[in-house]
Number of protein chains: 2
Amino acid sequence: MSREFSVAVVGATGAVGRQIIKLIEERNFPVGDMKLLASERSEGKKVEFAGKRLIVEKLDENSFQGIQIAFFCAGGRLSEEYAPIAAQAGAVCVDKSSVFRMDPDIPLVIPEVNPEALGEFKNTGIVASPNCSTTPMVLALAPMHKQVRVRRVVVSTYQSVSGAGAPAMEELARQTTAIFNGKSYENKVFNHQIAFNCIPHIDQFMANSYTREEMKMVHETRKIMNEPNMLISPTAVRVPVFSCHCESVNVEFEGKMTPDMARDILSNAPGVAVVDDPINNKYPMNITATDSDETFVGRIRVDETVENGLNFWCVTDNLRKGAATNALQIAELLVEKHL
Amino acid sequence: MSREFSVAVVGATGAVGRQIIKLIEERNFPVGDMKLLASERSEGKKVEFAGKRLIVEKLDENSFQGIQIAFFCAGGRLSEEYAPIAAQAGAVCVDKSSVFRMDPDIPLVIPEVNPEALGEFKNTGIVASPNCSTTPMVLALAPMHKQVRVRRVVVSTYQSVSGAGAPAMEELARQTTAIFNGKSYENKVFNHQIAFNCIPHIDQFMANSYTREEMKMVHETRKIMNEPNMLISPTAVRVPVFSCHCESVNVEFEGKMTPDMARDILSNAPGVAVVDDPINNKYPMNITATDSDETFVGRIRVDETVENGLNFWCVTDNLRKGAATNALQIAELLVEKHL
């Protein structure tokens with residue numbers, strides 16, 4: 001007899017929450033009771049799940065009684081307040097926010113890369129899922145790094161607006177339409193116009209002039225790959241696309257890594273799909289990865305300017321593998337191995 | 001008494017041609033006769049210039065009689081065929097195409113960077129203007145390189161569709177509108193959908209798996225900066241914006257170059273404007289540079305992963321300084337110093 005789990009989704013009406021609900025159904029996650037939670041603003045909204053319309057409840061201290069697995073995708077403030085309460089009530093929390101990721105007691109997990117870290121969830125009852133700009137790069141780097149160590153990475157991102165949530169997607173759509181109609185549309189989510197504009201600023205600026213988004217790529221990658229000194233030089237940029245994050249990645253290895261070796265390793269790596277046939281115009285793009293769970297890698301080529309250098313380009317659906325899919329895979333692994 | 005010059009613009013109805021005509025008027029270039037030329041397809045079209053409507057004539061072998069300065073911005077094939085004919089007829093040709101750029105007898109000029117090369121126009125009567133992805137990076141690198149040598153550059157571009165001409169701009173507009181209306185719009189200019197999609201492919205692929213666009217950035221930069229061995233590792237990407245090319249640039253210098261030194265040098269560099277106040281959300285974007293002639297530089301910060309490393313972000317209106325403005329500045333310098 002298969003077991004079923006009581007599940008809660010915190011932030012059920014957000015861009016990532018909606019994806020998690022969709023994926024729980026798509027991937028036949030063994031869910032028994034399903035509870036949708038959100039802040040007061042979304043209380044009473046209805047969300048489709050498995051042919052039923054569930055009503056979103058207001059999150060409070062008593063929301064987690066009887067819950068076994070709680071997905072947190074409502075932003076850092078709510079995670080910080082309620083994940084410890086949920087854990088205390090006996091739920092395992094899979095958290096999509098950044099607040100717990102660098103906590104040494106809390107595992108930060110990409111199931112294809114560091115499943116062994118997951119057991120540490122017992123420390124606190126919380127598992128963190130990485131930032132959507134970290135996951136694609138790590139999925140591509142980790143299998144190569146296992147064969148030949150990575151020395152240094154220079155990465156520039158091309159990130160979609162869905163990473164900033166559903167209101168950001170609406171802002172891109174409305175602002176684009178307004179421009180075509182000769183009207184203006186005031187930006188509320190972004191600091192500047194996003195329609196037909198690239199913004200080299202995601203999350204807050206830090207004292208070192210990097211953004212928090214950029215530093216997440218550094219610190220999270222090091223933690224997941226268990227390489228506290230890996231050299232990573234990031235630039236994170238928002239571009240006017242709805243879905244998927246693209247990344248232009250320059251890697252220096254400590255030994256020989258040819259494009260053929262890389263393609264061979266990545267073709268056999270879990271969660272990675274190689275699309276690399278430029279002569280036939282095949283390389284990954286946003287339209288390649290949208291609604292998929294893989295990280296697509298292409299444009300793999302020698303960087304002649306450094307010893308053992310490679311350039312590549314990778315694309316991931318940031319709402320799926322960049323967020324919801326990874327969280328759900330963490331839950332699947334918990335169910336399979338630990339609960 | 002001020003001199004006036006007979007000018008021809010080849011490709012007068014294209015995206016760059018229109019900009020050149022606009023700039024000749026804006027910048028009071030000393031034009032006497034003005035002849036607009038194009039292929040048969042555009043013959044008879046009318047173009048506004050200085051309050052008059054000029055009729056576009058069909059380009060042929062006799063088009064250049066009496067012309068002193070000819071701007072070529074109609075693509076490589078027409079430049080290759082007609083620039084030598086125009087030069088033979090006595091015109092100095094300023095060519096925006098790529099066909100002559102790497103010819104050792106022909107100067108490739110950014111007036112702020114290597115004006116001294118311009119005199120070589122006497123060899124053939126032709127001066128080449130660089131690719132729109134080369135110019136911004138070189139404008140930022142050259143003044144720093146004069147103080148502290150650049151060792152290696154890793155650059156990823158975010159290039160607008162206007163670099164692919166007026167039909168590409170129409171394709172982005174129509175395809176975006178079609179998507180909002182739930183319709184499809186077949187791509188003709190690009191190999192793939194450009195609306196809400198990033199395409200890591202500009203110009204043809206070469207044997208080394210880089211695109212021609214990427215290799216232009218390598219070879220042209222070396223020629224303009226007179227550094228035949230400079231190490232440059234490029235990735236060129238088309239993003240769904242109408243105007244301006246953005247570039248994420250990682251530089252390794254041979255000696256110390258702090259962000260403050262860089263800001264100081266760039267603030268005093270001709271053709272460059274520093275916009276670098278991240279705490280107040282100030283950094284260059286497409287909307288910063290559109291319709292301007294400067295290259296805007298910001299996000300200047302230390303790259304801690306390498307000795308003497310810097311990251312920066314630059315943005316240029318690819319139709320203006322990336323194309324038309326640079327061509328016109330070449331002509332201005334010719335008029336001032338050589339004709």
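Remarks
- Taking the listed residues B:Ala142, B:Ala128, the one that is over 30 Å from B:Thr13 (Cα atoms) and either touching a strand residue (DSSP E or B) at 6+ places or on another chain (Cβ under 7 Å) or hydrophobic (A, V, I, L, M, F, W, C) (or both) is B:Ala142, with no other qualifying.
- In region B:233-264, residue nearest to B:Met169 (Cα to Cα) [restricted to those that are away from every other protein chain (no Cβ under 12 Å) and either under 21 Å from the mean Cα position of the chain (by Cα) or surrounded by fewer than 20 Cβ atoms within 10 Å (Cβ to Cβ) (or both)]: B:Asp264
- Verdict on A:Ser156 being more than 25 Å from A:Arg18 (Cα to Cα), in contact with a strand residue (DSSP E or B) (Cβ under 9 Å, 6 or more places away or on another chain), within 12 Å of another protein chain (Cβ to nearest Cβ) and in a loop (DSSP other than H, G, I, E, B): no
- Near pairs, Cβ below 6 angstrom, 6+ apart or cross-chain, from region B:104-130 (at negative phi and in contact (Cβ under 8 Å) with a residue 24 or more places away in the chain) to any residue that is outside any helix (DSSP H, G or I) and surrounded by fewer than 18 Cβ atoms within 10 Å (Cβ to Cβ): B:Glu112/B:Pro270; B:Thr124/B:Asp105
- Of all residues making up region A:176-190, the number that are farther than 18 Å from B:Thr290 by Cα and either surrounded by 14 or more Cβ atoms within 10 Å (Cβ to Cβ) or in contact (Cβ under 8 Å) with a residue 60 or more places away in the chain (or both): 6
- Here B:Glu213 passes the criteria (1) crowded, with 24+ Cβ neighbours inside 10 Å; (2) within 12 Å of chain A (Cβ to nearest Cβ); (3) touching an Asp or Glu at 6+ places or on another chain (Cβ under 7 Å); (4) not aliphatic (A, V, I, L, M) except the one numbered (2).
- Matching residues in region B:302-339 - criterion: being touching a residue at least 60 places away in the same chain (Cβ under 8 Å) and acidic (Asp, Glu): B:Asp317, B:Glu332
- Against the conditions (1) part of a helix (DSSP H, G or I); (2) crowded, with 22+ Cβ neighbours inside 10 Å, B:Lys337 satisfies every one except (2).
- Subset of region A:285-306 (residues that are within 20 Å of the chain's Cα centre (by Cα) and within 8 Å of chain B (Cβ to nearest Cβ)): A:Met285, A:Asn286, A:Ile287, A:Gly298
- A:Phe205 being within 26 Å of B:Phe180 (Cα to Cα), within 13 Å of another protein chain (Cβ to nearest Cβ) and either at pLDDT 95 or above or over 21 Å from the mean Cα position of the chain (by Cα) (or both): no
- B:Gly75, sole failed condition from (1) more than 19 Å from the chain's Cα centre (by Cα); (2) touching a residue at least 12 places away in the same chain (Cβ under 8 Å); (3) on the phi > 0 side of the Ramachandran plot: (1)
- If the condition is being in contact with a Lys or Arg (Cβ under 8 Å, 6 or more places away or on another chain), aliphatic (A, V, I, L, M) and either part of a strand (DSSP E or B) or touching a residue at least 60 places away in the same chain (Cβ under 8 Å) (or both), then region B:203-239 contributes B:Met230, B:Leu231, B:Ile232.
- Qualifying residue in region B:128-137 (condition: away from chain A (no Cβ under 12 Å), β-branched (Val, Ile, Thr) and under 16 Å from the mean Cα position of the chain (by Cα)): yes
- If you filter region B:1-20 down to residues that are surrounded by fewer than 23 Cβ atoms within 10 Å (Cβ to Cβ) and in a helix (DSSP H, G or I), you find that the one that is modelled with the lowest pLDDT is B:Ala15.
- Filter result (more than 7 Å from every other protein chain (Cβ to nearest Cβ) and of a type in the set (A, V, I, L, M)) within region A:271-284: A:Val272, A:Ala273, A:Val274, A:Val275
- All conditions in (1) closer than 28 Å to A:Leu172 by Cα; (2) touching a Ser or Thr at 6+ places or on another chain (Cβ under 7 Å); (3) in contact (Cβ under 8 Å) with a residue 24 or more places away in the chain hold for B:Pro278, with the sole exception of (3).
- If the condition is being assigned to a loop (DSSP other than H, G, I, E, B) and at the interface with chain A (Cβ under 7 Å from one of its Cβ atoms), then region B:159-202 contributes B:Asn191, B:His192, B:Gln193, B:Phe196, B:Asn197, B:Cys198, B:Pro200, B:His201.
The values are calculated or read from the model by the stated rules, or taken from the named source; none is laboratory data. The shown structure was predicted, so the numbers you read here are calculated from the model rather than taken from an experiment. FYI the Cβ positions are ideal-geometry reconstructions off the backbone, even for glycines, and counts take in every protein chain you see.
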